[in-house]
1. Looking at ALA61, ALA18, which is the one that is surrounded by fewer than 21 Cβ atoms within 10 Å (Cβ to Cβ) and touching a Leu at 6+ places or on another chain (Cβ under 9 Å)?
2. Condition check: of a type in the set (Asp, Glu), over 23 Å from LEU231 (Cα atoms) and surrounded by 11 or more Cβ atoms within 10 Å (Cβ to Cβ). Does ASP125 satisfy that?
3. Is there any pair with a first residue in region 308-329 that is free of Cβ contacts under 8 Å to residues at least 40 places away in the same chain and a second that is in a helix (DSSP H, G or I) and among the β-branched types (Val, Ile, Thr) whose Cβ atoms are under 6 Å apart and which are 6 or more apart or on different chains, and what are they?
4. Pick from region 257-307 the residues that are free of Cβ contacts under 8 Å to residues at least 60 places away in the same chain and polar (S, T, N, Q): which of them is surrounded by the fewest Cβ atoms within 10 Å (Cβ to Cβ)?
5. Go through (1) under 30 Å from GLN315 (Cβ atoms); (2) in contact with a Gly (Cβ under 8 Å, 6 or more places away or on another chain) and name the single condition LEU222 misses.
6. Going by what's in this entry, would ALA188 be described as over 19 Å from MET113 (Cα atoms) and either over 27 Å from the mean Cα position of the chain (by Cα) or surrounded by fewer than 16 Cβ atoms within 10 Å (Cβ to Cβ) (or both)?
7. Based on this model, can you work out whether ALA94 counts as under 25 Å from PRO166 (Cβ atoms), assigned by TED's automatic domain parsing to the domain that holds VAL8, buried (at least 24 other Cβ atoms within 10 Å of the Cβ) and of a type in the set (Gly, Ala, Ser)?
Amino acid sequence: MSLVLRPVGPFLTGAAEAPGELNLSVRLRERLFTAAAMSGEHRAALGDQLRAAFAEGDGEAAASLLVAWVQTWALASMVDEARQRWTQRPDGAALAVLIAAAEIVAQAKGWPMGADGRWPEPDADWVMSALDGARPDAVAQHHPEDGAEALGALLNLPVIQGAPLPLPPVVSIPGEALAPRRAELCGAVARGELAAVRLTSPPPEDLPTRLAWGELHLESDLQAQLDRFGLAGLTVNEAPSLAELLSPAPPGAPGEPMRRLCDVAILPGPPSALRAGRPRPTAWLLFRGPHPPIPTIVEAGRLLQALDGQRSVAQAAQAAGLPVQQAEELAEALRGLGALTA
């Protein structure tokens, strides 16, 4: 019996591998889209890259890496549930988490995005390890943009035609073709002959192109989803942003001694200052839950580091080199942010 390999793209739902099939999409999710990977190997890799960017004075790279690194705390608390829900059925909220996780995975691993531009394309070493010693005979292509051709070339395997994916019709065009084909494309969407349009290159900034792009989004219920999620977005009607899935941490309990409810890191930042070449020390409150990371002043970070559940605020103030009154005010503010509790 022949053994075929299914590429990562376009990251549709489903968990089981069909008989005679090795599904890299399933294996990638199960191995790299996990809380353990997010808080472990991905965070560590991003941290190494971030330190290198700081050392090289590369503010643009440091800003991007810092944003990714601090996001790993919230994503680690969300990705397992999102993966399980996405495995069972199309789910917009789960897809929003997974697309954010995909960017982390690609950045941590140094992998490019695949054919439809939204999901990481693993390198040969990872693919070989994911095969667990199996030797596939071919790569099955189920969609022109599922990455089968690149995977076949990577492994020197033939590409065969698999069953087409059950997706609404989409056409791929270069960005400069959008305005000249405006009437044709918008008409096809309005008649239900086309669900959305994927641009294979950035569109020009001219007015006709912007008008065509706007009209296309008005005509198509799925265009915005395709833009955000690639082909996987065609399976969900709507999806929140990751920011909409995050909520502030609940306030801590008053009293003493106080202990931390989050991790804290003091790094050059914030991202905007890194990009401008004017970084300053910034403390980050990093919650192990679905809560956004919070940048704050260094004094707050030093106080948090000193509050270990044993010291009073006054004792922590002395350890952090802060006036007691300032420490008391900071502790109350941090408690309100959910970073401290009695």
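The values are calculated or read from the model by the stated rules, or taken from the named source; none is laboratory data. Here the structure is a predicted model, which means the values were calculated and not measured. Positions of Cβ are backbone-derived with ideal geometry, glycine not excepted, and every protein chain shown enters the neighbour counts.
1. Working: ALA18 fails: touching a Leu at 6+ places or on another chain (Cβ under 9 Å).
Sole residue among the options that is surrounded by fewer than 21 Cβ atoms within 10 Å (Cβ to Cβ) and touching a Leu at 6+ places or on another chain (Cβ under 9 Å): ALA61.
2. On the way: of a type in the set (Asp, Glu): yes; over 23 Å from LEU231 (Cα atoms): yes; surrounded by 11 or more Cβ atoms within 10 Å (Cβ to Cβ): no.
No.
3. ALA314/VAL324; ALA317/VAL324; ALA327/VAL313; GLU328/VAL313
4. Step by step, filter region 257-307, then rank; the result is GLN305.
5. Exception for LEU222: condition (1).
6. Details: over 19 Å from MET113 (Cα atoms): yes; either over 27 Å from the mean Cα position of the chain (by Cα) or surrounded by fewer than 16 Cβ atoms within 10 Å (Cβ to Cβ) (or both): yes.
When the stated conditions are applied, ALA188 passes them.
7. Numbers: under 25 Å from PRO166 (Cβ atoms): yes; assigned by TED's automatic domain parsing to the domain that holds VAL8: yes; buried (at least 24 other Cβ atoms within 10 Å of the Cβ): yes; of a type in the set (Gly, Ala, Ser): yes.
The answer is yes for ALA94.
Each row is one residue, and each column tells you yes or no for (1) closer than 28 Å to ARG302 by Cβ; (2) at pLDDT 95 or above; (3) out of contact with any strand residue (DSSP E or B) (no Cβ under 6 Å at 6 or more places or on another chain); (4) of a type in the set (Phe, Trp, Tyr).
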site	(1), (2), (3), (4)
LEU231	no, no, yes, no
GLU238	no, no, yes, no
ALA243	no, yes, yes, no
MET258	yes, no, no, no
CYS262	yes, yes, no, no
ALA265	yes, yes, no, no
LEU274	yes, yes, yes, no
LEU286	yes, yes, no, no
